[in-house]
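The values are calculated or read from the model by the stated rules, or taken from the named source; none is laboratory data. All values reported here derive from a predicted model rather than from experimental measurement. Please note: Cβ atoms are built from the backbone with ideal geometry, for glycine as well, and neighbour counts cover all protein chains shown. Remember, those area values only see protein heavy atoms, side chains included, never the ligands or the DNA or RNA. Shrake-Rupley method; radii C 1.70, N 1.55, O 1.52, S 1.80 Å.
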Amino acid sequence: MFETAAIETEDKPEFYRQLTQQLAALLESERDFIANAANTSALIFQMMPDLNWAGFYLMKEGELVLGPFQGKTACVRIPVGRGVCGAAVEKRQSVLVEDVHAFPGHIACDAASRSELVVPIFRGDEVIGVIDLDSPIASRFDGDDQAGIERVAEIFLTASA
Ligand code: SME
């Protein structure tokens, strides 16, 4: 059984170095996409401070559909171009929102959310889904978090069929 180790550092690049190392070890012996997405969300939610939601939306028949996650129940379907998740798919790049109240079209699944980071997952050239992180704290995420979660997405995808 994989045992997570608490990450004590205040240094974000070092935090993500340790997080991605643990993620690679966690996913090492499993290829199942949904099982690995579930464990990736659980590891993120357990290890990262100040989150109220962490999980996946996956592209199905042209729209995002809720995937494995940790946190409160969430909206199930998000059209491409809607909300922060839909914007990340449309732009094919990560979207970092410091204050969700100032983001036009933000979809409030949990009224407590104040900031959000959405990272697209690519298979080849195709966006197959996103990783979405929500925080109850404004400006919780910065460029180090974006780079770290983009690396998480790469490790998840490489490990999963
Ligand atoms: N806030 C997201 C919707 C998903 S929930 O946060 C889990 C958005 O605007 O796309």
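Would you check if there is a residue in region 9-24 being modelled with pLDDT under 95 and open to solvent by less than 50 Å² (accessible area, probe 1.4 Å)? Within region 9-24, one or more residues are modelled with pLDDT under 95 and open to solvent by less than 50 Å² (accessible area, probe 1.4 Å).
Open to solvent by less than 70 Å² (accessible area, probe 1.4 Å), closer than 25 Å to I107 by Cβ and not in a helix (DSSP H, G or I): is that true of L43 in this structure? Break it down into steps so the answer makes sense when it comes.
On the way: open to solvent by less than 70 Å² (accessible area, probe 1.4 Å): yes; closer than 25 Å to I107 by Cβ: yes; not in a helix (DSSP H, G or I): no.
In short, no.
Tallying residues that are part of a helix (DSSP H, G or I) and within 11 Å of L117 (Cα to Cα) within region 131-146 yields 3. Restricting V84, V119 to residues that are in contact with an Asp or Glu (Cβ under 6 Å, 6 or more places away or on another chain), surrounded by 14 or more Cβ atoms within 10 Å (Cβ to Cβ), more than 21 Å from A42 (Cβ to Cβ) and of a type in the set (V, I, T) narrows the list to V84. For first residues located in region 129-157 and without any contact (Cβ under 8 Å) to a residue 12 or more places away in the chain, partners that are crowded, with 22+ Cβ neighbours inside 10 Å and lie 6+ apart or on another chain with Cβ distances below 9 Å form the pairs E154/I121. Residues in region 102-116 that are more than 10 Å from the ligand (Cβ to nearest atom), open to solvent by 40 Å² or more (accessible area, probe 1.4 Å) and either outside any loop (DSSP other than H, G, I, E, B) or among the hydrophobic types (A, V, I, L, M, F, W, C) (or both): A102, A111, A112. Annotation: D99 fulfils all but one of (1) open to solvent by 50 Å² or more (accessible area, probe 1.4 Å); (2) acidic (D, E); (3) away from the ligand (no atom under 13 Å from the Cβ); the unmet one is (3). Beta carbons closer than 6 Å, at least 6 apart along the sequence or on distinct chains, pair a first residue in region 1-23 that is assigned to a loop (DSSP other than H, G, I, E, B) with a second that is not hydrophobic (A, V, I, L, M, F, W, C) for I7/Q18. Selection over region 58-79 of residues that are touching a residue at least 12 places away in the same chain (Cβ under 8 Å), over 18 Å from I44 (Cα atoms) and within 11 Å of the ligand (Cβ to nearest atom) gives a count of 5.
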